[in-house]
Amino acid sequence: MSPEDPLVRRAADAITVALTVNDRPARMIVESRTSLADALRDELGLTGTHVACEQGICGACTVEVDGEAVRACLLLAVQADGAEVRTVEGLAAPGEPLHPIQQAFTDQHALQCGFCTPGLLMTVHHLLTERHGVDEAEVRTVVSGHLCRCTGYQGIVDAVLQADRAWDRTPGDRAG
Amino acid sequence: MIVVRDADGNSSLGARLPRFEDGRLLRGRGRFIADDPPARCLHVAFVRSPHPHALIEDVDVTRAGSAPGVVSVLTAADRPHVPLVDAVAVPGLVKTPQPALAGERVRFVGEAVAMVLAESRARAEDAAELVEVRYAALAPVVDPEAALLLPPLDPALGSNEVYRGRRDTPGLEAAFAEADHVVSGTFSTGRLTAAPMEGRACAATFDPVTGLLTVRCSTQSPHLLQRKIATCLGMDLTAVRVLVDDVGGGFGQKIPASPEEIAVALAARAADRPVLWVEDRRENLVAAPHGKEQHVELALALDADGTFRALRCDVLGDAGAYSFNSASALIEAYLAAGLLPGAYRIPETGWRVRSVLTTKAPIAPYRGVGWTSGHTARELLIDRAARLLGRDPVDLRRQNLVRPGDLPYTTPTGMTYDSGSHLATLERAAKLVDAADVVAGPTADGRCRGFGISPYVEPSGWGSAGAAESSWSFASHDSVRVEMAASGAVTAVVGTPSQGQGHTTTLAQLVASVLACDPRRVRVVTGDTAGTPLSTAGTRASRVATVIGGALLQATERLAAKLALVAGHLLGVDPAEISFRDGRAVAASGSIGLAEIATAAVADPSVRAALPEPDLTATAFYDPPATYSNGCVAVVVEVDPGTGRVDVVDAAVVEDCGTVINPMVVDGQTLGAFAQGVGAALYEDAGYGADGSPRATSFADYLLPTARCLPRVALEHLESPAPHTRGGIKGMGESAMIATPGAVACAVAAAVAPLGVTVTHIPIRPDELVAPEE
Ligand code: FES
Ligand code: FES
């Protein structure tokens, strides 16, 4: 195979990305084609971010990048260079109590297999950071950006409504 | 059953207990297959057929084999093995052996032809594009009626028909001849797919020293997969160990062994490194087994007063390319015919069942199996009869449903409904959506409202007897083990993994109900064929609560009896005086904590001197009698006659699954199945074009319902405990998926009937609902 072969060029392609993940500095070496989702999972071991379509449709891979909820399967890892990323692992540290959103999800039976859950949590975290006093119609609209095959969404909607009431978003609150 | 209550009279049974598994999953600490690849593993990408039907003339892997990061490329010729085949013994059912990789012929778009093993999935996918397969295209077989006339997919079979059966009750013809009315219709259910959010995935590791092949898999049936792998690879059962951790949804698709899983096992046995395969969404949509596609002709004979006399069906099931290794091509059409009478008293039935091969992905179980299609067709027909007779659809059903006094009731198809609340659930569901207030026809804003109601029976909790009443002889029993550690904590070991049903919580509640201890003191362990007792059928057929639950109740009672012996010795009382309360063994003269008893059983020499076997382990086997849950789904829809858009605006599910272990989990199962049912009725379509290519290759084409497609669903539980199963438990996971498509289809049919539009199949497409031009 010649050095011009795209496969050979790809093999030689390795880029260092430096970013902040869950409030800690992180570095990863990736191919330019690597998605942020794959990089978080494979390079940093943050496997809470799931991929279920890799086409931007299902929302399972959602993380926060510089405060925006984004689909990590659609963002290249190199595009996140210098960014602040928050993943599901950053909502509540091990040993700490669950984040009020996570607590609401278990209280309201908003998850079954749990595969779609991390992405939903990040979207809801973003929603409730920006919005207080949401109603069911608004919640359904936002949640409709995610596919969940197990729950039928009713528990998820109720969990978001509970979290909106329960999460004290005064400045300095954890992960706020 | 002994259910021992705590001091307040409460039992863990029936508690709305948040799930123990949630914390891990919410913190992103789940362990799905892709989350924990084995060290040094090779990643697989399959080369898949772009043709629906073709002969394979040549496979050239030279270029792919030398691509960067590629370790090997395998084709059918490289790894001889025993092909997959179903284990169903029904006279006349034709077997269609299926190899792990297609060798001579491909029979559907997406069938695996070669597998690339490389250092990463990306590298493997790059190289898969370099595998050159030369095909000689053959005609696709898309229409199941035409399949009978076309050359067979497997020349050795002689025909594309794999099953034809006929069964009439003796009075069928007379009932039709004497009936005042006969209402008939032809209905069909499109192809669906389970679409679990985690697709299929497995990792296999072979130890050449011990000869042990370990396969971690996203499966519903670890023991079944163990049997399939051992058979295909010619290994002893004990040389194959199947592990299961978290499974990101299954819904039936992960019951059978996938050919790809066999290919991964074959590759790993020959490689000196572990092999990992995690399918992507396109693979899951086109190559994983589908569900449902059926064509149902029905005729209902009625008396002038609306009494049902007889129901006849002719069911044609489209099995796809193989009669799959799950429960064969019969999983759809045959089961649909068996549940033909549903929740109604219909004295005579007749059925014809045919199942044919087509060049599509094979059909496997998908929640509700064949019952969904048969049920949907019957409910649409009953509504059609109601319209013809000028009867209210609720009232016509009320007149014909199984009544309390009829129970136990045996259908002409051989199912005995042991108990239930068929009429009561109908009345409640109708009331919850205010059926009486729904006026069909245009609303003020020009939309058409329609009401649909769909009372159901779910053959549930399959042990072997239940399986036999529904279908065929089928080993469907389980064993369990319960043990108490010296700390007083209990471990319950079962062979049925969870795909989100919450077994870690609900099974703990059952065990705790017997010992009257905190369910948090019970750890449920599963997912390792080397350590868990045998579950012949795995997690399917709404059977875990009944079969595993019943086995656990008995094993825990046996453990309680052992604890009573030790406690009796320690307290100096007759063990028969001991009861359990608040985590303690209690006698009139005093009490002792479970931890103290368990510690003494291990460490106290006086216990060993007094009791021959003071071990705190108990096992039980359970193969329950058949049981049937029931309930009713009611919905209200609004149809925009200009665009054909359907909105489900109100819904209720009233269900009765006997003794409820955890109502929150039952709600979750019901709501999830309801959503899938709405998807089946209105959105989801895994159909094929006339050229044999799949229409749905991404979630942009295969439309799952979203939160905005669904109304808030009112839920109620009635409890008619099963008279014959342990604990009165019935199963329930599939119910709403059996009945919801029918409820939605009936509601849409009612809404558009005034426009002269009829509904004969699901999914209902918007363009079919737009009133025909004058
Ligand atoms: S995996 Fe990113 S949206 Fe589906
Ligand atoms: S909980 Fe299983 S996909 Fe949402």
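The values are calculated or read from the model by the stated rules, or taken from the named source; none is laboratory data. This is a predicted model, so every value here is computed, not measured. Here Cβ is always computed from backbone atoms with ideal geometry, including for glycine, and neighbour counts include all displayed protein chains. These accessible areas exclude ligands, DNA and RNA; they are computed on the full protein's heavy atoms, side chains included. Shrake-Rupley method; radii C 1.70, N 1.55, O 1.52, S 1.80 Å.
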Checklist outcome for this item: Picking from B:V566, B:V547, the residue that is under 30 Å from B:E458 (Cα atoms) and crowded, with 20+ Cβ neighbours inside 10 Å would be B:V547
Item to check | Selection status of B:V573, over 37 Å from the mean Cα position of the chain (by Cα) and of a type in the set (A, V, I, L, M, F, W, C) | outcome: yes
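Working carefully through the options B:S698, B:S720, find the one that is away from chain A (no Cβ under 14 Å), modelled with pLDDT of 95 or more and assigned to a loop (DSSP other than H, G, I, E, B). Steps first, please.
Details: B:S698 fails: away from chain A (no Cβ under 14 Å).
The match here is B:S720.
Out of B:H53, B:H81, which single residue is more than 14 Å from chain A (Cβ to nearest Cβ) and open to solvent by less than 40 Å² (accessible area, probe 1.4 Å)?
Working: B:H81 fails: open to solvent by less than 40 Å² (accessible area, probe 1.4 Å).
Of B:H53, B:H81, the one residue that is more than 14 Å from chain A (Cβ to nearest Cβ) and open to solvent by less than 40 Å² (accessible area, probe 1.4 Å) is B:H53.
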Checklist entry - In the stretch B:487-501, what residues are in a loop (DSSP other than H, G, I, E, B), open to solvent by 10 Å² or more (accessible area, probe 1.4 Å) and away from chain A (no Cβ under 14 Å)? => result B:S487, B:A489
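Given the structure, is A:R27 within 16 Å of ligand 1 (Cβ to nearest atom) and open to solvent by 20 Å² or more (accessible area, probe 1.4 Å)?
Considered against the rule, which asks whether it is within 16 Å of ligand 1 (Cβ to nearest atom) and open to solvent by 20 Å² or more (accessible area, probe 1.4 Å), A:R27 comes out as no.
Residues that are of a type outside the set (D, E, K, R), under 28 Å from B:T75 (Cα atoms) and open to solvent by less than 10 Å² (accessible area, probe 1.4 Å): which strands (runs of 3 or more DSSP E) entirely in the stretch B:207-314 hold 1 or more of them? Steps first, please.
Values: elements: B:212-217, B:240-243, B:275-278, B:294-302.
Passing ranges, in order: B:212-217, B:240-243, B:275-278.
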Next on the checklist: If B:R481 meets every condition in (1) assigned to a strand (DSSP E or B); (2) under 17 Å from B:D647 (Cβ atoms) apart from one, which number is that one?
Outcome noted: (2)
Checklist entry - Under the condition of being within 9 Å of chain B (Cβ to nearest Cβ) and over 22 Å from A:A163 (Cα atoms), which residue from the stretch A:57-96 is farthest from ligand 1 (Cβ to nearest atom)? => result A:I57
Item to check | Residue ranges of strands (runs of 3 or more DSSP E) in the stretch B:515-587 with at least 3 members under 30 Å from B:L237 (Cβ atoms) | outcome: B:522-525
Checklist outcome for this item: Only unsatisfied item for B:A609, checking (1) open to solvent by less than 10 Å² (accessible area, probe 1.4 Å); (2) among the hydrophobic types (A, V, I, L, M, F, W, C); (3) free of Cβ contacts under 8 Å to residues at least 24 places away in the same chain, is (1)
Checklist outcome for this item: Exactly one of A:H109, A:H99 is open to solvent by less than 60 Å² (accessible area, probe 1.4 Å) and closer than 13 Å to A:D158 by Cα, and that residue is A:H109
Item to check | Tally, over the stretch A:124-138, of residues that are without any contact (Cβ under 8 Å) to a residue 24 or more places away in the chain and either open to solvent by less than 20 Å² (accessible area, probe 1.4 Å) or closer than 25 Å to A:C53 by Cβ (or both) | outcome: 1
Checklist outcome for this item: From the option list B:S720, B:S735, single residue qualifying as buried (at least 19 other Cβ atoms within 10 Å of the Cβ), closer than 10 Å to B:T659 by Cα and hydroxyl-bearing (S, T, Y) is B:S720
Checklist entry - Looking at this structure, is B:A750 surrounded by fewer than 16 Cβ atoms within 10 Å (Cβ to Cβ) and over 27 Å from B:D418 (Cα atoms)? => result no
Checklist outcome for this item: Scanning the stretch B:562-606 residue by residue, the ones that are under 24 Å from B:T619 (Cβ atoms) and touching an Asp or Glu at 6+ places or on another chain (Cβ under 8 Å) total 4
Item to check | Residue pairs meeting the criteria (Cβ under 6 Å; at least 6 apart or on separate chains; first within 15 Å of B:K431 (Cα to Cα), in the stretch B:644-667; second of a type in the set (K, R)) | outcome: B:V654/B:R428
Checklist entry - List, please: which pairs have Cβ atoms under 6 Å, are six or more places apart or on different chains, and start with a residue in the stretch B:181-192 that is open to solvent by 10 Å² or more (accessible area, probe 1.4 Å) and end with one that is among the acidic types (D, E) and not in a strand (DSSP E or B)? => result B:G190/B:D685
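Across the stretch B:655-695, what is the total count of residues that are away from every other protein chain (no Cβ under 13 Å) and part of a helix (DSSP H, G or I)? Before you say what the answer is, go through the steps one by one.
Within the stretch B:655-695, the first condition is being away from every other protein chain (no Cβ under 13 Å), and the residues that meet it are B:655-661, B:681-682, B:685-695.
Those still in the list that are part of a helix (DSSP H, G or I) too: B:681-682.
The qualifying residues number 2.
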Checklist entry - All but one of (1) out of contact with any Phe, Trp or Tyr (no Cβ under 8 Å at 6 or more places or on another chain); (2) within 15 Å of ligand 1 (Cβ to nearest atom) hold for A:H50; which doesn't? => result (1)
Checklist entry - Counting only residues that are more than 15 Å from ligand 1 (Cβ to nearest atom) and hydroxyl-bearing (S, T, Y), which one in the stretch A:97-137 is nearest to the other protein chains (Cβ to nearest Cβ)? => result A:T106
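Please report, ordered by residue number, the helices (runs of 4 or more DSSP H) entirely within the stretch B:320-423 with at least 2 residues that are in contact with a helix residue (DSSP H, G or I) (Cβ under 7 Å, 6 or more places away or on another chain) and surrounded by fewer than 23 Cβ atoms within 10 Å (Cβ to Cβ). Full working, then the answer.
Working: elements: B:333-338, B:371-389, B:393-400.
It comes to B:371-389, B:393-400.
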Next on the checklist: Yes or no: the stretch A:149-161 includes at least one residue that is surrounded by fewer than 22 Cβ atoms within 10 Å (Cβ to Cβ), more than 8 Å from chain B (Cβ to nearest Cβ) and either in contact with a helix residue (DSSP H, G or I) (Cβ under 8 Å, 6 or more places away or on another chain) or modelled with pLDDT of 95 or more (or both).
Outcome noted: yes
